[in-house]
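One structure is given below, encoded as structure tokens.
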Amino acid sequence: MDLVDTFFNVRVLRETLPLLIEGLGVTVLLGLASIALGTASGLVLALLRVFGVASVRAAARIYIDVFRSIPLLVLLVLVYYALPFVGVRLSSFAAATTALSAVSCAYVAEIFRAGIEAVPRGQFEAADAIGLGFFDTLRDVVLPQALRIVTPPLTSNCINVLKDTALASVVAMPDLLKQATQAQALSANPSPLIGAALLYLALLLPLVRLVGHVEARHRAATR
Amino acid sequence: MSALVEINGLHKAYGQFEALRGIDLSIGAGEVVVVVGPSGSGKSTLVRCINLLEDYQRGEVRVAGEKVVRGRTLARVRAEVGMVFQSFNLFPHLSALRNVALGPLRVRGLSRTVADARALALLEKVGLAEHAHKLPGQLSGGQQQRVAIARALAMEPRVLLFDEPTSALDPEMVGEVLAVMQALAHTGVTMVIVTHEMGFARRVADRVVFMEDGLIVEVAPPENFFGAPREARTRAFLQAILSH
């Protein structure tokens, strides 16, 4: 009975649920914003990385390497606590979105690069031969095929971004984890943490299953 | 007489290997030129240089008087040069109809309705109207290659290049593709065809070009080429392929 009272305290859970739901909303919003920005900028970066002139390709590669190397937590702390010293003061939401999408951008760029490079050379040649311009070739020929290839890893990356939003709690972002730790402190009971963990699972488990499903279908289609 | 395709002093090397060692060839409007020769003789490289799918080190190519060079004019020139590839290279995510309509829609700026109508008429011409809405993966190799021919024709090119169009096909599908090409040849389309199909060359070519080691060895009308080849190397080549 003690164990249940400690970890699944119904009274505490009921009292803190509105806070947790509010936090979940912030988490989802932060996740969606970072996914949208990271994916769009990652696609642009991949195009620069693959089709740019030598100097642009090199710059893109450096960005990708740096942002895949730096720990997200370190970047987040840098953006939120160090940038104000040079006059750049971001809200915790803006700081978290910046850090999350900057890192996601690098991963997405690598995913798209692999997808674009997996499109056979003959496809580019066929597009060239009918006189399609660069952007038409991308839009009508290359990207639709690349997108099919990268859907599973891209979805995986979205899950990672959603999970990584929990790090934003260190920059005072009132996300799901932050709300849970605060509720835990207030009620002197860890049940809100359990509640938060369950909400994370409720959000992410279906997505993880979806990736599994997409990958299986993808394997069947490309066999 | 001004040639439609004019090739002058073409040299192309891959590292140490010289694929083309000085090619001069001019092709008149309405002419059907078949290029034959052993593997590695440079014949595929030659047709791929015409629309600059391959870069080359020396020489020049002109199509309808315009020099084919990298830059802003290239896409426009390429639109005038249709190409059919050995491995079809259809766009796998688009239906046969969309494959054929894409160029007219994007490059010629036709409306979707007009582009689709033209594409359907061309698919009809190659005998595939009932397959218009299938994806390439749902078609046989021979059918895919016929779609590819329709796709090239859709641009109404000045000249059509064929790079071993039947080499990747199962034997029973070679005939249907050659039949479409032969019908095209009779409509006065200018064609440059790299092939190993000697019977086809004999029936359809206005001139046969024999290449070996990156050079043109002999150019002759098919009667002379197959009946009375001048060059010893041509005779050796014909003997080798006709004797098996």
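Run down B:154, B:148, B:132 and say which single residue is within 14 Å of chain A (Cβ to nearest Cβ), over 29 Å from residue B:42 (Cβ atoms) and surrounded by 18 or more Cβ atoms within 10 Å (Cβ to Cβ). Spell out the reasoning first.
Details: B:148 fails: over 29 Å from residue B:42 (Cβ atoms); B:132 fails: within 14 Å of chain A (Cβ to nearest Cβ).
Result of the check over B:154, B:148, B:132: B:154.
The numbered conditions (1) out of contact with any helix residue (DSSP H, G or I) (no Cβ under 8 Å at 6 or more places or on another chain); (2) within 14 Å of chain A (Cβ to nearest Cβ); (3) without any contact (Cβ under 8 Å) to a residue 24 or more places away in the chain are all true for residue B:106 except (1). Here the helices (runs of 4 or more DSSP H) wholly within segment A:1-119 that include at least 2 residues being small (Gly, Ala, Ser) are A:10-51, A:54-69, A:92-118. Being more than 9 Å from chain A (Cβ to nearest Cβ), without any contact (Cβ under 8 Å) to a residue 60 or more places away in the chain and of a type outside the set (Phe, Trp, Tyr) is a description that does not apply to residue B:77.
Of everything in segment B:46-62 that is touching an Asp or Glu at 6+ places or on another chain (Cβ under 6 Å) and not basic (Lys, Arg), the residue that is nearest to the other protein chains (Cβ to nearest Cβ) is B:53. With respect to (1) among the aliphatic types (A, V, I, L, M); (2) within 14 Å of chain B (Cβ to nearest Cβ); (3) buried (at least 18 other Cβ atoms within 10 Å of the Cβ), the lone exception for residue A:118 is condition (3).
Only the coordinates and a few stated rules stand behind these numbers; no lab work does. These numbers were taken from a predicted model, which means no experiment stands behind them. Please note: Cβ atoms are built from the backbone with ideal geometry, for glycine as well, and neighbour counts cover all protein chains shown.
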